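The structure is given below, and queries will be raised subsequently.
The values are calculated or read from the model by the stated rules, or taken from the named source; none is laboratory data. Keep in mind it's a predicted model, so treat the numbers as computed, not measured. Here the Cβ is made from the backbone with ideal geometry for all residues, glycine too, and neighbour counts use every protein chain on show.
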Amino acid sequence: MQHRALTSIIAIFVLCAATLLYTKLYESEPLVEQVAHSMVGSVWYKIEQSGTHTGFMHSSVEFNAKNLWELNTLTVFQPLGGQPTKITQRLTFANSGRYELTSAHYIRSAENNATGIQVALIEEKYVGTLTRQKNVEPLSLEWQFGLKDQLALEVQLRKAAAKPGTIFTTQYINFEKLSIGENKRTLVGRNDDGYIFENSQEGSTSTTYLDPDMLVISSTISNVFNVNRSTEEQATSVNPLIKPIDDRHFSKHSIPLDERIKKHENLARLTLGLTARGKISLKELNLPLTLTHTKPSDVSSSDGNVISAFTQSSLRIPTGNEKITHILASMDKPISIAALVTATNQQLTYADNQPAGSVLAALNLGQGECTDFADLFTTLARASGLPARTVFGIAYSNADQPSFMFHAWNEILADGQWQGVDPTWNQTRLDATHIKLSDDLNAALLFASYTKEVSFNILERAYF
């Protein structure tokens, strides 16, 4: 099953890669070119997950032969239980004026599944192509982004003596969402050894350590994933593209429950207790004492930003693809939520431990895991004009050993309320065994499931 760590870690590491490009601070005036000149060179990083070496990252900055600033990042990693993944990113910027981003190149590939964008600045618009699998679509983006945005952290730090508690707000290119994102980092510590920054974004918390020259030493994500400065030899001693990581010594991605739940599809309320099964405490595992099913919050009809954010196409959600258009055209009008759930469920066959990796790949194969089902539903819903999102967490498995497995499902906005549905299991009314998790909690719980460090018991339940 393709769990939350696999689907979210790409975005997390891409954000981390962007953060790692913020390297040295020039010692004189904080002009963007002076800062950029101080960054010229390359650095290697070793990627670890819960102490296991799972990949590497290489970042470089150069002033190229075309008199453009060029920033390159290569990330190769394999989250435990996931597929080897390669991400390449190249940004070029003008060397004068507004220092605009002149072109951007981004490719994410895993096995035979590749997606990416290539754009160039033409008449104040970024025009290029969006590639999903072998499908190539024209792309036009109204981004506003330049080298000053990319180096904003250094510039802000140079202009003012930063004190702990200071929040630095900068922008970055979110390739997965095809947009310019906002990154807020808080300076939590500063001493002779350097700086410590923390930021929380979309349920994931990261801590970045920098030396006195503003060179990144390490970054910790969700208390599970670590990116540490290293030599090339040390960083690349594990290359999942050459030899995938063997994690067969880990258990399956589920957490045992001490009793079987009868008629779990009719549960309206559920609270689980967590028990540490080994020598490591729940606190050391970064886990809470309980987990509870919660209903998503309401959304005001006047909150256009929220509604707009969940109707957009993205690298992962191909709303304008002809395959999606064809499916919707074959459905009775008006299209209901129940019809979308049924249509998604009928398009794919569930294939355990065989993630398709993208909506279009799943449609081509006719099969996929829960994330493939959920992303297809999100795509169909958004293409039909209904705000929707894919969510991740755990859900009950009525197997020989009752347990909770890592799972993906959906929330769709109707009449100002987010309604949970599960297209993998063809559920239009979500039962309370679906417990949504933040990235941080998901990562911690996933590690505990691998090492068999935790189990569940039922503290409270109520039925419809």
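Considering each residue of the range 435-464, count those that are among the hydroxyl-bearing types (Ser, Thr, Tyr) and touching a His at 6+ places or on another chain (Cβ under 6 Å), and give that number.
Let us first name the residues in the range 435-464 that are among the hydroxyl-bearing types (Ser, Thr, Tyr), namely 438, 449-451, 455, 463.
From the residues that got through so far, the ones that are touching a His at 6+ places or on another chain (Cβ under 6 Å) too are 449.
Qualifying residue count for the region: 1.
Now a separate question. Can you find a residue in the range 86-94 that is touching a strand residue (DSSP E or B) at 6+ places or on another chain (Cβ under 8 Å), over 24 Å from residue 230 (Cβ atoms), crowded, with 17+ Cβ neighbours inside 10 Å and outside the structural domain of residue 355 (by TED's automatic domain parsing)? Full working, then the answer.
As a first pass, look at the range 86-94 and keep what is touching a strand residue (DSSP E or B) at 6+ places or on another chain (Cβ under 8 Å): 86-94.
The next check asks that each one be over 24 Å from residue 230 (Cβ atoms); those that pass are 92-94.
Adding the requirement that they be crowded, with 17+ Cβ neighbours inside 10 Å leaves 92-93.
Among the residues that remain, those that are also outside the structural domain of residue 355 (by TED's automatic domain parsing) are: 92-93.
Checked against the condition, which is being touching a strand residue (DSSP E or B) at 6+ places or on another chain (Cβ under 8 Å), over 24 Å from residue 230 (Cβ atoms), crowded, with 17+ Cβ neighbours inside 10 Å and outside the structural domain of residue 355 (by TED's automatic domain parsing), the range 86-94 yields at least one hit.
What about residue 104, is it at pLDDT 95 or above and buried (at least 21 other Cβ atoms within 10 Å of the Cβ)? Steps first, please.
Working: at pLDDT 95 or above: yes; buried (at least 21 other Cβ atoms within 10 Å of the Cβ): yes.
Yes, satisfied.
Okay, residues lined up against (1) more than 17 Å from the chain's Cα centre (by Cα); (2) surrounded by fewer than 21 Cβ atoms within 10 Å (Cβ to Cβ); (3) under 30 Å from residue 221 (Cα atoms):
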site	(1), (2), (3)
390	no, no, yes
405	yes, yes, yes
409	no, no, yes
428	yes, yes, no
432	yes, no, yes
448	yes, no, yes
453	yes, no, yes
460	yes, yes, no
463	yes, yes, no
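Now a separate question. For the range 107-120: of the residues being out of contact with any Leu (no Cβ under 8 Å at 6 or more places or on another chain) and among the hydrophobic types (A, V, I, L, M, F, W, C), which is surrounded by the fewest Cβ atoms within 10 Å (Cβ to Cβ)?
Per the criteria, the residue is 120.
Being without any contact (Cβ under 8 Å) to a residue 40 or more places away in the chain and more than 18 Å from residue 356 (Cβ to Cβ) is the requirement here; does residue 156 meet it? Before the answer, list the steps.
On the way: without any contact (Cβ under 8 Å) to a residue 40 or more places away in the chain: yes; more than 18 Å from residue 356 (Cβ to Cβ): yes.
It is true that residue 156 is without any contact (Cβ under 8 Å) to a residue 40 or more places away in the chain and more than 18 Å from residue 356 (Cβ to Cβ).
Additional query: Working only within the range 371-388, note down all residues that are among the hydroxyl-bearing types (Ser, Thr, Tyr) and surrounded by fewer than 24 Cβ atoms within 10 Å (Cβ to Cβ).
To start, the set of residues in the range 371-388 that are among the hydroxyl-bearing types (Ser, Thr, Tyr) comprises 371, 378-379, 384.
The answer is 384, and nothing else.
Do you know which residues across the range 136-173 are closer than 20 Å to residue 89 by Cα, in a strand (DSSP E or B) and either in contact with a Leu (Cβ under 8 Å, 6 or more places away or on another chain) or at pLDDT below 90 (or both)?
Within the range 136-173, 136, 137, 138, 139, 141, 146, 170, 172, 173 meet the criteria.
Being assigned to a helix (DSSP H, G or I) and either touching a residue at least 12 places away in the same chain (Cβ under 8 Å) or touching a strand residue (DSSP E or B) at 6+ places or on another chain (Cβ under 6 Å) (or both) is the filter here; which residues of the range 208-246 pass it? Can you show your working first?
At the first step, the residues of the range 208-246 found to be assigned to a helix (DSSP H, G or I) are 232-235.
Matches in the range 208-246: 232, 234, 235.
Another question, if that's okay. Which of the residues belonging to the range 75-113 are farther than 21 Å from residue 177 by Cα and out of contact with any Phe, Trp or Tyr (no Cβ under 9 Å at 6 or more places or on another chain)?
Hits for the range 75-113 are 78, 82, 83, 96, 97, 98, 111, 112.
Residue 443: of a type in the set (A, V, I, L, M), surrounded by fewer than 18 Cβ atoms within 10 Å (Cβ to Cβ), modelled with pLDDT under 90 and out of contact with any Leu (no Cβ under 6 Å at 6 or more places or on another chain), yes or no?
Numbers: of a type in the set (A, V, I, L, M): yes; surrounded by fewer than 18 Cβ atoms within 10 Å (Cβ to Cβ): no; modelled with pLDDT under 90: yes; out of contact with any Leu (no Cβ under 6 Å at 6 or more places or on another chain): yes.
So residue 443 fails the test.
Which residue pairs have Cβ atoms under 7 Å apart, sit 6 or more places apart or on different chains, and have a first residue in the range 41-59 that is within 10 Å of residue 227 (Cβ to Cβ) and a second that is among the small types (Gly, Ala, Ser) and surrounded by fewer than 24 Cβ atoms within 10 Å (Cβ to Cβ)?
45/230; 45/235; 46/230; 46/235; 56/235; 57/17
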